[in-house]
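Undergrad: The structure is given below, and queries will be raised subsequently.
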Amino acid sequence: MPAFTPTVNLMPVAAGIGLRAPHVARVLQERPPLAWLETHTENLFAAGGPFQEAMVRIRANYPLSLHGVGLSLGSVDELDTAHLQRVRELVDRYEPELVSEHLCWSAAGGQHSNDLLPLPLTDEALRCAVSHIGQVQDALKREILIENVSTYLTFTGGDYSEWEFVSETVKRSGCGLLCDVNNIYVNSVNHGFDPHVYLRALPRPAIREIHLAGFTRKDDLAVPILIDSHSRRVADPVWDLYSEAVGLFGRVPTLIEWDTDIPALEVLMEEAAHAQEILDGYQVLLA
(Lines give C-alpha, C1' and ligand atoms only; values in the text may rest on other atoms or scores of the structure.)
Protein backbone atom coordinates (compact mmCIF):
# COMPACT_ATOMS: atom_id res chain seq x y z
CA MET A 1 0.00 0.00 0.00
CA PRO A 2 1.26 3.53 -0.73
CA ALA A 3 2.70 5.50 2.18
CA PHE A 4 0.64 8.57 1.26
CA THR A 5 -2.93 9.63 0.74
CA PRO A 6 -3.73 9.73 -3.01
CA THR A 7 -4.46 13.27 -4.12
CA VAL A 8 -7.73 14.28 -5.69
CA ASN A 9 -7.44 15.05 -9.40
CA LEU A 10 -7.97 18.81 -9.57
CA MET A 11 -7.12 19.13 -13.25
CA PRO A 12 -10.00 20.69 -15.23
CA VAL A 13 -11.99 18.09 -17.13
CA ALA A 14 -11.11 19.80 -20.40
CA ALA A 15 -8.69 19.71 -23.34
CA GLY A 16 -5.29 21.34 -22.85
CA ILE A 17 -2.07 21.55 -24.85
CA GLY A 18 1.59 20.68 -24.36
CA LEU A 19 3.53 23.90 -23.78
CA ARG A 20 6.62 24.06 -25.98
CA ALA A 21 9.32 26.74 -26.26
CA PRO A 22 7.99 28.52 -29.41
CA HIS A 23 4.76 29.42 -27.60
CA VAL A 24 6.03 30.43 -24.16
CA ALA A 25 6.28 34.15 -24.97
CA ARG A 26 2.76 34.34 -26.39
CA VAL A 27 1.29 32.45 -23.46
CA LEU A 28 3.01 34.87 -21.10
CA GLN A 29 2.05 38.00 -22.97
CA GLU A 30 -1.45 37.19 -24.20
CA ARG A 31 -2.74 34.63 -21.67
CA PRO A 32 -4.80 32.81 -24.31
CA PRO A 33 -7.86 30.83 -23.17
CA LEU A 34 -6.14 27.47 -22.61
CA ALA A 35 -7.77 25.01 -20.22
CA TRP A 36 -4.45 23.67 -18.92
CA LEU A 37 -0.83 23.08 -19.89
CA GLU A 38 1.66 20.24 -19.73
CA THR A 39 5.45 20.49 -19.91
CA HIS A 40 8.21 17.91 -19.80
CA THR A 41 9.59 17.65 -16.29
CA GLU A 42 13.21 17.43 -17.40
CA ASN A 43 12.95 20.74 -19.27
CA LEU A 44 12.76 22.39 -15.86
CA PHE A 45 15.85 20.72 -14.40
CA ALA A 46 18.15 23.66 -15.09
CA ALA A 47 18.40 25.91 -12.04
CA GLY A 48 17.11 29.40 -12.75
CA GLY A 49 17.10 30.91 -16.22
CA PRO A 50 14.35 32.44 -18.36
CA PHE A 51 12.33 29.25 -18.86
CA GLN A 52 12.06 28.63 -15.12
CA GLU A 53 11.07 32.26 -14.59
CA ALA A 54 8.47 32.04 -17.34
CA MET A 55 7.02 28.81 -15.95
CA VAL A 56 6.60 30.33 -12.49
CA ARG A 57 4.50 33.10 -14.03
CA ILE A 58 2.59 30.73 -16.32
CA ARG A 59 1.85 28.38 -13.42
CA ALA A 60 0.17 31.25 -11.60
CA ASN A 61 -2.36 31.50 -14.45
CA TYR A 62 -2.88 27.92 -15.66
CA PRO A 63 -3.35 24.42 -14.24
CA LEU A 64 -0.19 22.40 -14.89
CA SER A 65 0.87 18.82 -15.51
CA LEU A 66 4.50 17.67 -15.30
CA HIS A 67 5.24 14.87 -17.76
CA GLY A 68 8.53 13.01 -17.25
CA VAL A 69 10.62 11.10 -19.76
CA GLY A 70 13.73 10.15 -17.79
CA LEU A 71 12.98 8.05 -14.69
CA SER A 72 13.27 4.77 -16.63
CA LEU A 73 10.69 3.02 -14.46
CA GLY A 74 11.13 -0.32 -16.20
CA SER A 75 14.92 -0.55 -16.05
CA VAL A 76 16.58 -3.37 -14.12
CA ASP A 77 18.87 -0.71 -12.65
CA GLU A 78 18.02 1.01 -9.40
CA LEU A 79 16.22 4.31 -9.79
CA ASP A 80 18.44 7.32 -10.30
CA THR A 81 17.96 8.95 -6.90
CA ALA A 82 19.46 12.26 -8.03
CA HIS A 83 16.98 12.42 -10.91
CA LEU A 84 14.11 11.54 -8.60
CA GLN A 85 15.19 14.22 -6.11
CA ARG A 86 15.08 16.85 -8.85
CA VAL A 87 11.60 15.70 -9.82
CA ARG A 88 10.54 15.98 -6.19
CA GLU A 89 11.91 19.53 -5.96
CA LEU A 90 9.94 20.55 -9.05
CA VAL A 91 6.76 18.94 -7.78
CA ASP A 92 7.17 20.79 -4.47
CA ARG A 93 7.84 24.06 -6.29
CA TYR A 94 5.10 23.98 -8.93
CA GLU A 95 2.51 21.83 -7.14
CA PRO A 96 1.16 20.47 -10.45
CA GLU A 97 -2.29 18.97 -10.66
CA LEU A 98 -0.86 15.87 -12.36
CA VAL A 99 2.55 14.17 -12.49
CA SER A 100 3.24 11.45 -15.04
CA GLU A 101 5.95 9.17 -16.42
CA HIS A 102 6.24 6.48 -19.10
CA LEU A 103 5.94 2.74 -18.59
CA CYS A 104 9.21 1.85 -20.33
CA TRP A 105 12.94 1.83 -19.83
CA SER A 106 15.50 4.30 -21.16
CA ALA A 107 18.67 3.62 -19.17
CA ALA A 108 20.72 0.58 -18.19
CA GLY A 109 24.21 0.16 -16.83
CA GLY A 110 24.65 3.91 -16.59
CA GLN A 111 23.98 4.35 -20.30
CA HIS A 112 21.02 6.51 -21.33
CA SER A 113 18.97 6.15 -24.50
CA ASN A 114 17.14 8.98 -26.19
CA ASP A 115 14.17 6.66 -26.68
CA LEU A 116 11.34 5.28 -24.58
CA LEU A 117 12.07 1.59 -25.02
CA PRO A 118 9.55 -1.27 -24.70
CA LEU A 119 9.50 -3.71 -21.81
CA PRO A 120 9.29 -7.48 -22.11
CA LEU A 121 5.73 -8.33 -21.10
CA THR A 122 6.81 -10.67 -18.31
CA ASP A 123 5.97 -10.92 -14.64
CA GLU A 124 9.59 -10.15 -13.78
CA ALA A 125 9.47 -6.86 -15.71
CA LEU A 126 6.11 -6.05 -14.17
CA ARG A 127 7.41 -6.55 -10.62
CA CYS A 128 10.39 -4.31 -11.39
CA ALA A 129 8.20 -1.50 -12.75
CA VAL A 130 5.76 -1.78 -9.83
CA SER A 131 8.63 -1.52 -7.35
CA HIS A 132 10.01 1.59 -9.03
CA ILE A 133 6.59 3.23 -9.29
CA GLY A 134 6.13 2.64 -5.57
CA GLN A 135 9.47 4.27 -4.81
CA VAL A 136 8.55 7.31 -6.89
CA GLN A 137 5.13 7.70 -5.30
CA ASP A 138 6.59 7.36 -1.82
CA ALA A 139 9.27 9.95 -2.61
CA LEU A 140 6.78 12.42 -4.07
CA LYS A 141 4.12 11.57 -1.48
CA ARG A 142 1.50 11.54 -4.21
CA GLU A 143 0.05 9.44 -6.98
CA ILE A 144 1.81 9.45 -10.33
CA LEU A 145 0.35 8.43 -13.68
CA ILE A 146 2.04 5.97 -16.00
CA GLU A 147 1.67 6.26 -19.77
CA ASN A 148 1.45 3.39 -22.24
CA VAL A 149 4.17 3.94 -24.86
CA SER A 150 4.39 3.47 -28.62
CA THR A 151 6.57 0.56 -29.77
CA TYR A 152 8.07 -0.66 -33.03
CA LEU A 153 9.52 -4.00 -31.89
CA THR A 154 8.33 -6.51 -29.31
CA PHE A 155 10.03 -9.23 -27.28
CA THR A 156 9.20 -12.84 -28.05
CA GLY A 157 7.31 -14.73 -25.40
CA GLY A 158 5.91 -12.97 -22.37
CA ASP A 159 3.22 -13.54 -19.79
CA TYR A 160 0.78 -10.77 -20.74
CA SER A 161 -0.72 -8.88 -23.62
CA GLU A 162 0.25 -5.21 -23.63
CA TRP A 163 -3.10 -4.12 -22.19
CA GLU A 164 -2.93 -6.77 -19.48
CA PHE A 165 0.59 -5.64 -18.57
CA VAL A 166 -0.47 -1.99 -18.31
CA SER A 167 -3.58 -2.83 -16.31
CA GLU A 168 -1.77 -5.13 -13.90
CA THR A 169 0.96 -2.53 -13.32
CA VAL A 170 -1.67 0.02 -12.33
CA LYS A 171 -3.46 -2.48 -10.11
CA ARG A 172 -0.35 -3.63 -8.24
CA SER A 173 1.25 -0.20 -7.81
CA GLY A 174 -1.83 1.86 -7.01
CA CYS A 175 -0.81 4.50 -9.54
CA GLY A 176 -3.04 6.28 -12.04
CA LEU A 177 -3.08 5.77 -15.80
CA LEU A 178 -2.35 8.26 -18.55
CA CYS A 179 -4.03 6.64 -21.53
CA ASP A 180 -2.28 7.64 -24.74
CA VAL A 181 -4.91 6.88 -27.37
CA ASN A 182 -2.56 7.62 -30.26
CA ASN A 183 -0.03 5.13 -28.90
CA ILE A 184 -2.71 2.45 -28.70
CA TYR A 185 -3.62 3.04 -32.34
CA VAL A 186 0.03 3.16 -33.49
CA ASN A 187 0.82 -0.11 -31.71
CA SER A 188 -2.33 -1.79 -33.02
CA VAL A 189 -1.18 -1.13 -36.59
CA ASN A 190 2.46 -1.97 -35.92
CA HIS A 191 1.73 -5.22 -34.08
CA GLY A 192 -1.59 -6.29 -35.53
CA PHE A 193 -4.02 -6.24 -32.61
CA ASP A 194 -7.49 -4.77 -32.14
CA PRO A 195 -7.22 -1.32 -30.47
CA HIS A 196 -10.81 -1.56 -29.21
CA VAL A 197 -9.94 -4.68 -27.20
CA TYR A 198 -7.01 -2.79 -25.64
CA LEU A 199 -9.12 0.22 -24.77
CA ARG A 200 -11.91 -1.80 -23.22
CA ALA A 201 -9.50 -3.79 -21.05
CA LEU A 202 -8.04 -0.78 -19.24
CA PRO A 203 -8.99 -0.06 -15.60
CA ARG A 204 -11.52 2.74 -16.01
CA PRO A 205 -11.36 4.16 -12.44
CA ALA A 206 -7.57 4.64 -12.73
CA ILE A 207 -7.60 6.81 -15.87
CA ARG A 208 -6.70 10.38 -14.96
CA GLU A 209 -5.54 11.81 -18.30
CA ILE A 210 -5.65 11.10 -22.04
CA HIS A 211 -3.04 12.05 -24.66
CA LEU A 212 -3.69 12.67 -28.34
CA ALA A 213 -1.07 13.30 -31.02
CA GLY A 214 -0.31 12.86 -34.70
CA PHE A 215 1.67 9.99 -36.20
CA THR A 216 3.80 9.56 -39.31
CA ARG A 217 3.29 6.64 -41.69
CA LYS A 218 6.53 5.05 -42.95
CA ASP A 219 5.70 3.14 -46.12
CA ASP A 220 9.26 3.05 -47.48
CA LEU A 221 10.39 0.31 -45.07
CA ALA A 222 10.46 -3.45 -45.55
CA VAL A 223 7.60 -3.59 -43.05
CA PRO A 224 5.54 -0.36 -43.11
CA ILE A 225 4.94 1.08 -39.64
CA LEU A 226 3.47 4.10 -37.89
CA ILE A 227 5.79 6.40 -35.93
CA ASP A 228 4.52 8.31 -32.91
CA SER A 229 6.10 11.51 -34.23
CA HIS A 230 3.94 14.17 -32.53
CA SER A 231 4.44 16.17 -35.72
CA ARG A 232 0.98 16.68 -37.20
CA ARG A 233 -2.72 16.84 -36.49
CA VAL A 234 -4.51 13.95 -34.82
CA ALA A 235 -5.57 11.39 -37.46
CA ASP A 236 -9.22 10.50 -38.04
CA PRO A 237 -8.95 6.90 -36.72
CA VAL A 238 -7.37 8.25 -33.52
CA TRP A 239 -10.22 10.73 -33.11
CA ASP A 240 -12.64 7.82 -33.52
CA LEU A 241 -10.79 5.81 -30.87
CA TYR A 242 -10.78 8.85 -28.59
CA SER A 243 -14.55 9.17 -28.94
CA GLU A 244 -14.84 5.56 -27.84
CA ALA A 245 -12.48 6.22 -24.92
CA VAL A 246 -14.62 9.12 -23.71
CA GLY A 247 -17.67 6.89 -23.97
CA LEU A 248 -15.91 4.24 -21.86
CA PHE A 249 -14.06 6.38 -19.32
CA GLY A 250 -16.20 9.50 -19.14
CA ARG A 251 -14.88 13.04 -19.34
CA VAL A 252 -11.15 12.90 -18.64
CA PRO A 253 -8.57 15.75 -18.91
CA THR A 254 -7.17 15.46 -22.43
CA LEU A 255 -3.93 16.80 -23.88
CA ILE A 256 -2.85 17.62 -27.42
CA GLU A 257 0.85 16.74 -27.85
CA TRP A 258 2.95 18.28 -30.62
CA ASP A 259 6.75 18.08 -30.29
CA THR A 260 8.28 18.36 -33.77
CA ASP A 261 7.43 20.65 -36.69
CA ILE A 262 5.57 22.69 -34.10
CA PRO A 263 2.82 24.80 -35.70
CA ALA A 264 1.27 28.10 -34.70
CA LEU A 265 -0.46 28.18 -31.34
CA GLU A 266 -3.79 28.53 -33.13
CA VAL A 267 -3.40 25.05 -34.65
CA LEU A 268 -2.93 23.48 -31.23
CA MET A 269 -5.93 25.39 -29.95
CA GLU A 270 -8.01 24.09 -32.88
CA GLU A 271 -7.04 20.51 -32.04
CA ALA A 272 -7.86 21.10 -28.39
CA ALA A 273 -11.22 22.58 -29.41
CA HIS A 274 -12.01 19.41 -31.37
CA ALA A 275 -11.21 17.29 -28.33
CA GLN A 276 -13.35 19.61 -26.22
CA GLU A 277 -16.29 19.11 -28.57
CA ILE A 278 -16.04 15.36 -28.02
CA LEU A 279 -15.83 15.81 -24.25
CA ASP A 280 -18.80 18.17 -24.28
CA GLY A 281 -20.73 15.80 -26.50
CA TYR A 282 -20.41 13.11 -23.84
CA GLN A 283 -21.81 15.54 -21.27
CA VAL A 284 -24.77 16.26 -23.55
CA LEU A 285 -25.45 12.53 -23.95
CA LEU A 286 -25.65 12.16 -20.18
CA ALA A 287 -28.15 15.02 -19.80
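The values are calculated or read from the model by the stated rules, or taken from the named source; none is laboratory data. Keep in mind it's a predicted model, so treat the numbers as computed, not measured. Cβ: placed from backbone, ideal geometry, glycine included. Neighbour counts: every protein chain shown.
Undergrad: Collect the residues in the range 208-225 that are over 21 Å from residue 40 (Cβ atoms) and either β-branched (Val, Ile, Thr) or crowded, with 21+ Cβ neighbours inside 10 Å (or both), keeping them in residue-number order.
TA: 223, 225, listed by residue number.
Undergrad: Can you find a residue that is surrounded by 14 or more Cβ atoms within 10 Å (Cβ to Cβ), of a type in the set (Phe, Trp, Tyr) and over 22 Å from residue 44 (Cα atoms) anywhere in the range 90-110?
TA: no
Undergrad: Enumerate the pairs (first residue in the range 210-223 and farther than 22 Å from residue 249 by Cα; second residue anywhere and among the acidic types (Asp, Glu)) with beta-carbon separation below 8 Å, excluding pairs fewer than 6 apart on the same chain, so at least 6 apart or on different chains.
TA: 215/228
Undergrad: Further question: Quick one: which residue in 226, 248 is in a strand (DSSP E or B) and not aromatic (Phe, Trp, Tyr)?
TA: 226
Undergrad: Here's something else I'd like to know. Does at least one position in the range 53-76 carry a residue that is among the acidic types (Asp, Glu), surrounded by fewer than 18 Cβ atoms within 10 Å (Cβ to Cβ) and in contact (Cβ under 8 Å) with a residue 24 or more places away in the chain?
TA: no
Undergrad: Among the residues of the range 218-271, write down those that are modelled with pLDDT under 95 and among the basic types (Lys, Arg).
TA: Matches in the range 218-271: 218 only.
Undergrad: Here is a further query. Given the condition on the phi > 0 side of the Ramachandran plot and under 17 Å from the mean Cα position of the chain (by Cα), answer yes or no: does some residue in the range 214-230 qualify?
TA: There is at least one residue in the range 214-230 that is on the phi > 0 side of the Ramachandran plot and under 17 Å from the mean Cα position of the chain (by Cα).
Undergrad: Still on this structure, I have one more. Scan (1) surrounded by 16 or more Cβ atoms within 10 Å (Cβ to Cβ); (2) part of a loop (DSSP other than H, G, I, E, B); (3) hydroxyl-bearing (Ser, Thr, Tyr) for the single condition residue 260 breaks and write down its number.
TA: (1)
Undergrad: Here's another thing I want to ask about it. May I ask you to list pairs of residues, at least six apart or on different chains, whose Cβ atoms are under 7 Å apart, with the first in the range 224-238 being closer than 22 Å to residue 264 by Cα and the second being aliphatic (A, V, I, L, M) and in a loop (DSSP other than H, G, I, E, B)?
TA: If the second residue must be aliphatic (A, V, I, L, M) and in a loop (DSSP other than H, G, I, E, B), the pairs left are 228/213; 230/213; 234/213.
Undergrad: Within the group 87, 99, 91, which residue is under 27 Å from residue 198 (Cα atoms), touching a helix residue (DSSP H, G or I) at 6+ places or on another chain (Cβ under 9 Å) and not polar (S, T, N, Q)?
TA: On inspection, the qualifying residue turns out to be 99.
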